[in-house]
Each structure stands twice: as C-alpha cells, then as structure tokens.
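**Student:** Dropping a structure here in structure tokens format, bear with me for questions.
Derivation of every value follows stated rules applied to the coordinates shown; laboratory data play no part. Just so you know, these numbers come straight off a predicted model, no measurement behind them. We place every Cβ from the backbone using ideal geometry, glycine too, and count neighbours over all the protein chains shown.
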Amino acid sequence: MSSINFPELKEKFEIQTYTNIKNMDRSIHTPFSGSPKKHPYDKSRVILVADPFTDNTFYYEFRGEDITCAEELASITNINGESIPMVRIWVKKQSIAVQCTPFIVDTIKRD
C-alpha cells in the first residue's frame, strides 16, 4: 500500500479581510501582494514577502495603521507540497515603508 503525503499545517498570520474592494479609492491607496509574516519584534508592523519560495526575493515592511484592508489571494504551493497563503494589502499613499532585498556578500569572480 502506498502512503499518501498530505500537506502539513503551517503557522498562519491572521489578517481580517475586507470584502468590498470594488469601492477602494485607488487615488489614495496602493496594492501590494505577497505572503504576510509577523514582524520579529514589533507587533505594530507587518512584513510582506513578495515571492516566498524564491531564493532571490525581497520583502516589504509596513506599519499596521497604514494598511487600509487586505484581500486573500490563492495560496501558492511548491513542488514539495508546502503551501503558503498570499494576500493583497492596500496601503495609504505617502506612507513610509521599507523595501528590503537581502543578499550574500561575496567576491565577484572574473574569467
């Protein structure tokens, strides 16, 4: 008998979604999509990882009070069956946020 691999439950970041996005005023809000994560030390901030399964990714950091609403998007799953929830958040324009692109420092090799 073959064994069946079921997806495991992962830690879920709870966001209350707003259901009537049609009335969102795009002149004062900007959408960002990604996987939400809890901030490691500041509960008033939200981290949004743009592409969580990619090695070369970046993330955004927003203040919770600058996020007007959130929409649930389809979860993404990697080849190993790990699933990550995705959201689209609407942030007030002119808010201060951080965009971070981590990288490994190394020497550039020349041929």
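**Student:** At a Förster distance of 25 Å, what's the computed FRET efficiency of Ser44 paired with Lys93, Cβ-Cβ distance as r, to 0.05?
**Tutor:** Numbers: r = 20 Å, r/R0 = 0.79.
That gives a FRET efficiency of 0.80.
**Student:** If a/c stays under 1.5 just call it rounded; otherwise compare a/b with b/c (prolate if a/b is bigger, oblate if not). Do that for the range 16-104, with a ≥ b ≥ c from the square roots of the Cα gyration tensor eigenvalues.
**Tutor:** Details: a/c = 1.94, a/b = 1.31, b/c = 1.48.
In terms of gyration-tensor shape, oblate.
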